[in-house]
1. Search the range 9-38 for residues that are of a type outside the set (Ser, Thr, Tyr) and pair each with any residue that is exposed (fewer than 11 other Cβ atoms within 10 Å of the Cβ) and assigned to a helix (DSSP H, G or I) when their beta-carbon atoms are under 8 Å apart and the residues are at least 6 apart or on different chains.
2. Within the range 53-157, which helices (runs of 4 or more DSSP H) (wholly inside it) include 1 or more residues that are over 20 Å from Leu28 (Cβ atoms) and polar (S, T, N, Q)?
3. Condition first: farther than 18 Å from Phe78 by Cβ and in contact with a strand residue (DSSP E or B) (Cβ under 7 Å, 6 or more places away or on another chain). Now tell me which residues in the range 96-125 satisfy that.
4. Quick check on my filter: what residues within the range 126-149 are in contact with a strand residue (DSSP E or B) (Cβ under 7 Å, 6 or more places away or on another chain) and open to solvent by less than 10 Å² (accessible area, probe 1.4 Å)?
Amino acid sequence: MQRRFDQLDDTWPAGLGRRLGAMLYDGLLVLAIWIVLASAHLAVVRLVLDVPADQVGTGFAQVISLRLLMGFSAFAFFAFFWTRGGMTLGMQAWRLRVQTRDGCSITGLQALQRFLVAGISLAVFGLGYLWLLVDAEKRSWPDIASGTRVVVLPKRR
């Protein structure tokens with residue numbers, strides 16, 4: 001269920017610097033999650049499946065299962081925070097929030113759209129995020145594709 005945010009009149013579109021700062025924070029958190037998952041995956045491959053050490057990571061099933069696990073975990077991290085309160089931990093530190101155009105929390109489908117288009121935006125050397133420098137509403141490709149916007153919240157008084 002979508003939730004309506006308050007302080008809508010006090011927000012403004014987020015710029016590139018704040019977004020990059022939040023992305024760096026969140027990237028480190030996702031990296032930590034990936035380290036834990038890769039360790040667990042290695043333990044399962046070695047201890048449960050009894051694969052010899054010299055064959056770990058060489059099989060197609062091992063590689064694809066780890067990649068899928070990492071991709072799903074990254075999406076789960078972002079979708080969980082975006083759909084609940086509109087802010088990941090990195091976004092909280094930079095006072096950013098993702099929301100719909102009318103000021104509500106985003107849906108799971110919008111989170112998936114943002115996540116997939118964000119990957120494409122980064123894959124083309126960040127062009128999807130640099131786009132906000134020329135967009136009148138300061139929207140990146142993920143914002144445009146999902147019908148959302150990232151705003152800066154005012155400081156608490």
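1. Hits for this filter: Leu16/Leu133.
2. Fully inside the range 53-157 and qualifying: 60-84, 108-123, 141-146.
3. Arg101, Gly103
4. Answer for the range 126-149, where residues must be in contact with a strand residue (DSSP E or B) (Cβ under 7 Å, 6 or more places away or on another chain) and open to solvent by less than 10 Å² (accessible area, probe 1.4 Å): Asp143, Thr148.
The values are calculated or read from the model by the stated rules, or taken from the named source; none is laboratory data. Quick caveat: nothing in here was measured; it's all calculated off a predicted structure. Don't worry about glycine lacking a Cβ; one is built from the backbone with ideal geometry, like all the others, and counts go over all protein chains shown. Surface accessibility is based on the protein's heavy atoms, side chains included, excluding ligands, DNA and RNA. Shrake-Rupley method; radii C 1.70, N 1.55, O 1.52, S 1.80 Å.
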